[in-house]
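Read through the structure below, which is laid out as structure tokens, and then see the notes.
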């Protein structure tokens, strides 16, 4: 049994990392090889529609199913693209649905019923997805919720609110610490960009003209890149005053960070305001520092007031910290989009009870959700161990003691940054 699990895990990691040692095989050839060595074989994925209009996908191994289910919650998708299954592939093209099935688990995911901001709806769509799976395949032995970015907070909220539905969760790079502070992170970067680079990007942190959305790739993204390159001093001040993460060893990360955050400003602002019932961003009392002239910056930077209805609406998007099942929160320390302080804040608000267990796993690396396949499989293996008491034999291991030490370093850095 141990050798069989070893083969499952090793093949999963090799498949997700991409192998250069042999030519690619067809799906039929891969299934034949899986069958010959007694490994789980991915089955046909069945698509459907959930009660409130979200698309669903359910995949059960054709052979070797262990009886348990893994749910996948995808990240943010722009409001103006069709509903579809998102973020289903690893960087090398490996389908997450195939990877999970080769580990012996059934797999299910949903498009959510809407694009753009979909956190509250996504949690409910996951409940509907679980019900749909049970109707078609019976109750699974265990149900593991996993998700990244927006899917990370959906994973956390589902575990907090419906512990009877999930055995545990792996929440990656989600805004789980403070959703209102996440709104401030987006808004502050935009308002500071407009200060250091006036006139480059039309609109404001609370209102985006339609023509900017429509011409982002052709006109405004190139204009931003050109402006950053033409004024590196202003770019450096933008990063320092916003506290947005970059990779100090890679100068190009300044552009990557700016483009990532400004894309969200352009594509998420109007959609979010409509769903919140008004503008949620407020910087009236914010003091910015780190520029060449902080007095001038704070005197002249644009100021905005949040709508009362939006502030009230934001409360529903805050996690409770009520952890009654094992929860692993994995986050890169240099996440420019959803900062590492979310992981720290969540541990401070967490209230552990019942079968609850909270394990923060910081990954010391730049980039949003920038995890390796080995780290993702290792974190999932740790979750399985915490839920069942049995490890996936020879799975890539997460060094929990090193993670604890790394977390203390990260926490100290976050506290020092907050104090400045």
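We did not get these values from a lab; they are worked out from the coordinates using the rules stated. Just so it is clear, the model here is predicted, and its values are computed rather than measured. Quick reminder, even Gly has a Cβ in these numbers, built from the backbone with ideal geometry, and neighbours come from all protein chains shown.
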Using only Cα atoms and rounding to the nearest 10 degrees, what angle (0 to 90) does helix 253-276 make with the longest principal axis of the chain?
90
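Which percent, to the nearest 5, of DSSP beta bridges fully inside the chain are antiparallel? Write out the running numbers ahead of the final one.
Numbers: 12 of 40 bridges.
Beta bridges within the chain, antiparallel portion: roughly 30 percent.
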Linear extension gain, residue 417 paired with residue 349, 0.36 nm per residue minus alpha-carbon span:
22.6 nm
Zone reached by a paramagnetic label modelled 7 Å from residue 210 Cα along Cα→Cβ, restricted to region 46-90 with backbone N below 18 Å, covers 79-82
Rounded to whole Å, give me the distance from the Cα center of region 48-71 to that of region 105-156.
9
If you average the C-alpha positions of region 342-420 and of region 222-283 separately, how far apart do those two centres end up, in angstrom?
27
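Express in nm, to one decimal, how much length is gained between residue 250 and residue 320 on full extension, taking 0.36 nm for each residue of separation and deducting their alpha carbon distance.
Working: separation 70, 0.36 × 70 = 25.20 nm, distance 3.67 nm.
Extending this stretch completely gives an extra 21.5 nm.
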Residues of region 243-282 with the amide nitrogen closer than 20 Å to a label point 7 Å from the Cα of residue 289, along Cα-to-Cβ, please.
243-245
What distance in nm separates the simple spin-label points at residue 401 and residue 302, each placed 7 Å from Cα in the Cβ direction?
5.3
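For a quick protection proxy, order the peptides 382-388, 76-82 by their average other-Cβ count within 10 Å, most packed first. Present the calculation step by step, with values, prior to reporting the outcome.
Details: 382-388: 21.0, 76-82: 15.0.
Most protected by this proxy first, the peptides run 382-388, 76-82.
With N set to the number of residues, divide the alpha-carbon radius of gyration of region 200-272 by 2.2 N^0.38 Å and report two decimals.
Working: Rg = 12.5 Å, N = 73, 2.2 N^0.38 = 11.2 Å.
With N residues counted in region 200-272, Rg over 2.2 N^0.38 Å equals 1.11.
Going by the alpha-carbon gyration tensor, a ≥ b ≥ c the square roots of its eigenvalues, is region 179-314 rounded (a/c under 1.5) or, if a/c is not under 1.5, prolate (a/b greater than b/c) versus oblate? Please report the intermediate quantities before stating the final value.
On the way: a/c = 1.77, a/b = 1.26, b/c = 1.41.
It is oblate, given that a/c is not under 1.5 and a/b is not larger than b/c.
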Ranked from highest to lowest mean number of other Cβ atoms within 10 Å per residue, what is the order of the peptides 353-362, 103-112, 57-66?
103-112, 57-66, 353-362
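If you count, for each residue, the other Cβ atoms within 10 Å and average over each peptide, how do 118-124, 229-235, 137-143 line up from highest to lowest?
On the way: 118-124: 20.3, 229-235: 13.4, 137-143: 15.9.
Packing proxy ranking, top to bottom: 118-124, 137-143, 229-235.
Stretched out fully, how many nm does the piece from residue 44 to residue 80 gain, at 0.36 nm a residue minus the Cα gap?
Details: separation 36, 0.36 × 36 = 12.96 nm, distance 2.97 nm.
The span from residue 44 to residue 80 would gain 10.0 nm if fully extended.
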Hey, could you pull the Cα Rg and Dmax for the chain, both in Å?
22.1, 71
